[in-house]
Amino acid sequence: MKKIQMVDLKGQYQQIKERVDASILEVIDSAAFINGPEVHSFQKELEEYLDVKHVIPCANGTDALQIAMMGLGLKPGDEVITADFTFAATVEVIALLQLTPVLVDVELDSFNIDPEAIRKAITPNTKAIVPVHLFGLAANMDEIMEIANEHNLYVIEDNAQGIGATYKFNTGKTAKTGTIGHVSSTSFFPSKNLGCYGDGGAIFTNDDDLAHTIRGIVNHGMYKRYHHDVVGVNSRLDSIQATVLRAKLPNLDSYNNARRTAATKYNKAFEGIANIITPKVKGNNCGTSENVICETCNCHVFHQYTLRIVNADRDALVKHLNEVGIPCGVYYPIPLHNQKAYRDERYNEDDFVITNQLVKEVISLPMHTELDEEQINFITKTVIDFVSK
Ligand SMILES: *Cc1c(COP(=O)(O)O)cnc(C)c1O
């Protein structure tokens, strides 16, 4: 059996090596390292893939979020609502811009921000909501957009884990995640569903004026050379990363299909096993029957495959898997509202019941495009044997 990895970037590279190697060498040969034609072409190709008017490449997914918030003109003291159960980057940039983060609880089945909790957290100072499409499943965008419209709030989608996913609205209309809110961010960190070979990120929007503002912000606030109209940042995707992304973008749907296939096998193996709760596998309004992974739309792109271990020792399972050579992860082990940097006396533990539960139960199994049947069988058997002991 091939050695099991959490993410197998080497195996994936072998499939596209010729194209990637040749195009990296071309970039080096052209010496157009920054803002070269590769970056522009990638931008256009991603706009077309997502069906969004503007993609603005930048240096990483954290910058992308920060720049999106700067572009919206959010001011110190403005309250921004986001999920308690996510990667810290989301709340970090809110705090960094001296906006006020307002963390709220998530849903037990989808792991995503709970629209009811958003409603409860709204005050006259609330200016924006940041849903995170956690682990590759879209948040409830019907409700979130409705709340935003009612209260005149911006919606900034953190799409770092959701690229390629499709959301189906109550009306039956579909849209790619990251094209639904006012502005969105994504990350091309190597292990993300569309990853480059270093750092990279992008901002998406359908708003022409906002796109113009953001294009200046990523480039030192310049709209005309050496005229600095606003305080900006320096955040660029370089040409070598862009050329890697151009090689991988045409494969994104098949990469996501491979993840879905692996998730289907995991789910089948874990069906009916006591102490294991398999993840919710389909988005809102997906036509497929309950908890059967959808074969026809990309409603879940499985950035992570995350189980809940109930009435069994999750931490002992993590230890055991590591001992037998199965890498795994606990995303995320500590609720953001309990992180030293983000504690706030206004928070009340009763408002984070689900996140407090999830941090004790979740475990993410290896998930990538190169997982084979033998590896999945070994992983599922090992997990089942352990929790059934
Ligand atoms: C990865 C990630 C980010 C940050 O992306 P970087 O490119 O690492 O800065 C932000 N939000 C979420 C939910 C992520 O998973």
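How about the stretch 122-157: which of its residues are assigned to a helix (DSSP H, G or I), open to solvent by 10 Å² or more (accessible area, probe 1.4 Å) and free of Cβ contacts under 8 Å to residues at least 40 places away in the same chain?
Glu143, Met145, Glu146, Asn149, Glu150, His151
Looking at Ser110, Ser41, which one is in the same structural domain as Glu146 (by TED's automatic domain parsing), surrounded by fewer than 19 Cβ atoms within 10 Å (Cβ to Cβ) and either away from the ligand (no atom under 12 Å from the Cβ) or under 20 Å from Met145 (Cβ atoms) (or both)?
Details: Ser110 fails: surrounded by fewer than 19 Cβ atoms within 10 Å (Cβ to Cβ).
Matching residue, one of Ser110, Ser41: Ser41.
For the stretch 279-295, does any single residue satisfy the condition of being open to solvent by 40 Å² or more (accessible area, probe 1.4 Å), touching a residue at least 12 places away in the same chain (Cβ under 8 Å) and not in a loop (DSSP other than H, G, I, E, B)?
No: the stretch 279-295 contains no residue that is open to solvent by 40 Å² or more (accessible area, probe 1.4 Å), touching a residue at least 12 places away in the same chain (Cβ under 8 Å) and not in a loop (DSSP other than H, G, I, E, B).
Given the options Asn149, Asn125, name the one that is assigned by TED's automatic domain parsing to the domain that holds Gly71, out of contact with any Ser or Thr (no Cβ under 9 Å at 6 or more places or on another chain) and either among the basic types (Lys, Arg) or more than 16 Å from the ligand (Cβ to nearest atom) (or both).
Values: Asn125 fails: out of contact with any Ser or Thr (no Cβ under 9 Å at 6 or more places or on another chain).
Testing whether each residue is assigned by TED's automatic domain parsing to the domain that holds Gly71, out of contact with any Ser or Thr (no Cβ under 9 Å at 6 or more places or on another chain) and either among the basic types (Lys, Arg) or more than 16 Å from the ligand (Cβ to nearest atom) (or both) leaves just Asn149.
Hey, Arg119 hits all of (1) out of contact with any Pro (no Cβ under 9 Å at 6 or more places or on another chain); (2) assigned to a helix (DSSP H, G or I); (3) touching a residue at least 40 places away in the same chain (Cβ under 8 Å); (4) surrounded by fewer than 22 Cβ atoms within 10 Å (Cβ to Cβ) but one; which does it fall short on?
(3)
In the stretch 172-194, what count of residues is obtained for those that are near the ligand (Cβ under 10 Å from one of its atoms), buried (at least 17 other Cβ atoms within 10 Å of the Cβ) and of a type in the set (Ser, Thr, Tyr)?
Looking only at that region, the number is 3.
Check off (1) open to solvent by less than 20 Å² (accessible area, probe 1.4 Å); (2) in contact with a strand residue (DSSP E or B) (Cβ under 7 Å, 6 or more places away or on another chain); (3) under 19 Å from Glu373 (Cβ atoms) for Phe302 and give me the number that stays unchecked.
It fails just one condition, (2).
Could you tell me which of the residues Leu245, Leu249, Leu237 is open to solvent by less than 10 Å² (accessible area, probe 1.4 Å), in contact (Cβ under 8 Å) with a residue 24 or more places away in the chain and under 19 Å from Gly162 (Cα atoms)?
Details: Leu249 fails: open to solvent by less than 10 Å² (accessible area, probe 1.4 Å); Leu237 fails: under 19 Å from Gly162 (Cα atoms).
When all the criteria are applied, what remains is Leu245.
Considering every residue within the stretch 219-226, establish whether at least one is away from the ligand (no atom under 16 Å from the Cβ), touching a Ser or Thr at 6+ places or on another chain (Cβ under 8 Å) and over 30 Å from Gln5 (Cα atoms).
Step one: filter the stretch 219-226 for residues away from the ligand (no atom under 16 Å from the Cβ), giving 219-226.
From what's left, touching a Ser or Thr at 6+ places or on another chain (Cβ under 8 Å): none.
No, that holds for no residue.
The values are calculated or read from the model by the stated rules, or taken from the named source; none is laboratory data. These numbers come from a predicted model, not from an experiment. A quick note on method: Cβ atoms are made from the backbone with ideal geometry, for glycine too, and the neighbour counts reach across all protein chains shown. In case anyone asks, the SASA skips ligands and DNA or RNA and just uses the protein heavy atoms, side chains included. Shrake-Rupley method; radii C 1.70, N 1.55, O 1.52, S 1.80 Å.
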